[in-house]
1. Consider only pairs whose beta carbons are under 6 Å apart and that are at least six residues apart or on different chains; among these, list those whose first residue lies in the stretch 273-295 and is touching a residue at least 12 places away in the same chain (Cβ under 8 Å) and whose second residue is in a loop (DSSP other than H, G, I, E, B) and acidic (Asp, Glu).
2. Just to check your reading of the model, which residue among Asn300, Asn317 is outside any loop (DSSP other than H, G, I, E, B) and under 20 Å from Ala131 (Cα atoms)?
3. Six or more apart or on different chains, Cβ under 7 Å: which pairs go from a residue in the stretch 51-78 that's in a helix (DSSP H, G or I) to one that's of a type in the set (D, E, K, R)? Could you list them?
4. Of all the strands (runs of 3 or more DSSP E) wholly in the stretch 239-296, which have at least 1 residues that are aromatic (Phe, Trp, Tyr)?
5. Being modelled with pLDDT under 95 and of a type in the set (Ser, Thr, Tyr) is the filter here; which residues of the stretch 51-105 pass it?
6. Any residue at all in the stretch 121-130 that's under 20 Å from Tyr204 (Cα atoms), surrounded by 18 or more Cβ atoms within 10 Å (Cβ to Cβ) and among the small types (Gly, Ala, Ser)?
7. For the stretch 116-155, which positions are assigned to a loop (DSSP other than H, G, I, E, B) and either hydroxyl-bearing (Ser, Thr, Tyr) or under 15 Å from Val79 (Cβ atoms) (or both)?
Amino acid sequence: MKIFNKIAIIMTTLSLQTYTIQASMPAAPASAASNQSEVPNTYNGQLIDSKSIINLGPQAPQEVQQVAAQLVAQHPQLVDALLGYDSLTGDIKPLMVKAKAQLAQDGIVNKSNWNYVFALRNSPDWLVKIAGPANRDENISVLAHHVSGAPYYYGRPLAKGDADAVLLEHLSDDEFDQEIKDQKPVINKDAHKTFQTISRYAYYLAFLNAQKQHGFKHVTVPETYLVHIPGRPTDVSDRNYMVVERQITGGPVETLTHEEAEEAETAIKEIGLFQAKRDDFWKEASTGKLVLLDMEQPNNSNPRDFFHKNRAKFEGNANCGLQHFRESFKGSIQEKQDKK
């Protein structure tokens, strides 16, 4: 097939209007990053993206790598259930039901409503974190609407034409010819890669940078690793990797000192953290530090913007995080104590 014919057919599914991903909230306060170079999408000077991220940050110790090995060896059906979302237009409800049933059958308690967060019996010190299909589905919906030109709003159903636009965009001429010949879609798996799970590690790296820059004394995050799931392909996406975090011993946060609140707000602004309500913080028993527990990007993130490639989105996330934080801890922050 001639290339101009392919373009003509693709264009029948695309709206001619342009589309820009909207920030989660209005632009961040003036105290947020003031120019593009300050957007935290690097770690030790290296760009954080889907190609580089696996080689950035501390290497996972043997005990963390064993968590992934145990998951695959002891719970192979669970791995398939948790990572089974592979379609642009598939129904996610059966996948969620299947995963819930498999978790129960394997005697594993999921600590999240929309993701998969659990500890294995033989590795109680570590939490496995895998993005759920509802969150990944929203990622793909954002991408599909962006490619098709259809206006996006949160929760908008993904039309088949939107999905086709993404698939067609990724097809080579030979694949496109074969699709027409066979009258069935040729799925290019790159068309629906997501980085919702992966984002937790990206934010962890961004926090390490901010910690190095600001010398946080009161705020920290759990020790975190990005771990390949044995037997899966090695390209980085939510299909093939999971995040493993050290379990934190502590309790809910009742009040904050002025210094704790100040550092928390700095961290939120510096890394563009969206989720920063009271329940997203914990007071660590051993150190007394304030721990940020939820380092996941909002699910209305476009996979093509990973990581922090859309400045408006980054600023909107930071603004939302600050608003969440201030509203959640209103009346719970102690006054600044004058040094004597």
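1. Gln275/Asp294; Asp280/Asp294
2. Details: Asn300 fails: outside any loop (DSSP other than H, G, I, E, B).
After applying the criteria, what remains is Asn317.
3. Listed pairs, sorted by first residue: Leu78/Asp106.
4. Passing ranges, in order: 241-246, 281-284.
5. Tyr85, Ser87, Thr89
6. no
7. Ala131, Gly132, Tyr152, Tyr153, Tyr154
Condition check ((1) modelled with pLDDT of 95 or more; (2) under 24 Å from the mean Cα position of the chain (by Cα); (3) not aromatic (Phe, Trp, Tyr)) across all residues:
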| site | (1), (2), (3) |
| --- | --- |
| Ala165 | no, yes, yes |
| Leu168 | no, no, yes |
| Asp174 | no, no, yes |
| Ile180 | no, no, yes |
| Asn188 | no, yes, yes |
| Tyr201 | yes, yes, no |
| Val221 | yes, yes, yes |
| Asp235 | no, yes, yes |
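The values are calculated or read from the model by the stated rules, or taken from the named source; none is laboratory data. Owing to the predicted nature of the structure, the values given are computational and were not obtained by experimental measurement. Glycine also receives a Cβ, built like all others from the backbone with ideal geometry; neighbour counts cover every protein chain displayed.
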